[in-house]
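A short worksheet on the structure shown next.
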Amino acid sequence: MAAPNDTPTAGERGQDGQAHPPLHVAIVMDGNGRWAKRRGLPRTLGHRAGVEALKRIVEAAPKLNIKWLTVFGFSTENWSRPAAEVAELMALPKRYFETDLARLEREGVRVGVIGSRQGLSRDLVKICDEAERRTVGNDAFFLTVAFNYGGKADIVDAARRFAEDVAAGQAEPGDITEARFASLLSTGGAPDPDVIIRPSGEQRLSNFMLWQAAYAEFVFQDVLWPDYSAHHLEAALAEFYTRNRRYGAVVADDALATG
Ligand code: FPP
């Protein structure tokens, strides 16, 4: 529990009795394929419906006082899907930014696209760069799309960057700290997610934000991503508020009990 006058961390109740909303929510947008299959539709239409769900959640999150939202759009492992599906997935950021970037820009949303740009078409790289450039001065809400992203690759890239600094004489091996390493990740500068949500019933991380997930709470929901709505996000937050976040410590009452 927060001591009087302490700012409550996400999930804790402040002096007003209100649970503090998570600063950063991350979502594995899963279940597009099953959603389509249940309707006898091609998987591609499931992904398109997934973009509509993303739009709903980007609109809902700031209203729930969430400040950072990171969504998993394409993993480094998704390249192994059939070529036609990969092509559809590659078209999603364009589909999203073409309709929504102007509004995001106007509403003060800062957009980031993390993950490797290698292997992406020139057009797609241009769209992602443009979304970042046009919103660079915004800070009302932070939307990060993880695309061609893998948590392991992110960690390896950060290690490589630090090794390059050492080789260039700009750092000593002993200079590495958790904070410095975190700053070298693609999410450098962002707070770690307080909660990671995965709809669709699957209960795994799938190489998403491995480092950043160290003290995240996990909420798994039995809904397919294209059906995901503000109501599901609220339910995920309600579940998050029931969690007792200890960060490896003990709560004050238990410490007294153990003497
Ligand atoms: C996993 O569902 C979902 C994906 C691989 C793609 C997620 C992308 C979106 C929801 C739209 C993203 C929009 C942008 C702007 C990037 P799945 O296909 O594995 O579903 P399944 O497990 O039911 O087969």
query: For the residue pair Ile155 and Ala235, what label-to-label distance in nm results when each label sits 7 Å from Cα along the Cα-to-beta-carbon direction?
result: 3.2
Eligible lysines near Lys126 by straight Cα distance, threshold 19 Å, same-chain separation 8 or greater: Lys94
- line: HN-Hα couplings for region 145-162 via Karplus (6.51, -1.76, 1.60; θ = phi - 60°), in whole Hz with x for Gly/Pro, come out as 9, 8, 9, 6, 10, x, x, 5, 4, 4, 5, 5, 4, 5, 5, 5, 4, 5
statement: Note, region 172-185: 3J(HN,Hα) by Karplus (6.51, -1.76, 1.60, θ = phi - 60°), whole Hz, Gly/Pro = x, goes 9, x, x, 6, 5, 9, 4, 5, 5, 4, 4, 5, 8, 6
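Quick one: of the DSSP bridges fully inside the chain, what percent are antiparallel, nearest 5? Can you show the working numbers first?
Numbers: 1 of 27 bridges.
In the chain, DSSP labels about 5 percent of beta bridges as antiparallel.
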- prompt: What whole number of Å gives the distance from the Cα centroid of region 202-245 to the Cα centroid of region 81-110?
  reply: 22
task: Would you mind checking which residues have amide H under 5 Å from Val219's amide H? H placed 1.01 Å from N; only 5 or more apart, or other chain.
output: Ile196, Ile197, Arg198
query: Taking the Cα centre of region 104-259 as the origin, how large is its charge dipole in debye, to the nearest 20, when only Lys and Arg (+1) and Asp and Glu (-1) carry charge on their Cβ atoms?
result: 360
field: Residues with amide H under 5 Å from that of Asn148, placed H, sequence gap 5 or more
entry: Phe74, Ser75
field: Integer Hz, Karplus 6.51/-1.76/1.60 couplings in order for region 62-69, x for Gly and Pro
entry: x, 5, 9, 6, 7, 9, 10, 10
Interchain or long-range residues, amide H under 5 Å from Tyr228's placed H: none
query: What part of the accessible area of the chain, given as a whole %, is carbon or sulfur when the probe is 1.4 angstrom?
result: 51
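The values are calculated or read from the model by the stated rules, or taken from the named source; none is laboratory data. In this text, all values refer to a predicted model and were calculated from it rather than measured experimentally. Neighbour counts are summed over all protein chains in view; Cβ atoms, including those assigned to glycine, are modelled from backbone coordinates with ideal geometry. These area figures cover heavy atoms from the full protein model, side chains too; ligands, DNA and RNA do not enter into them. Shrake-Rupley method; radii C 1.70, N 1.55, O 1.52, S 1.80 Å.
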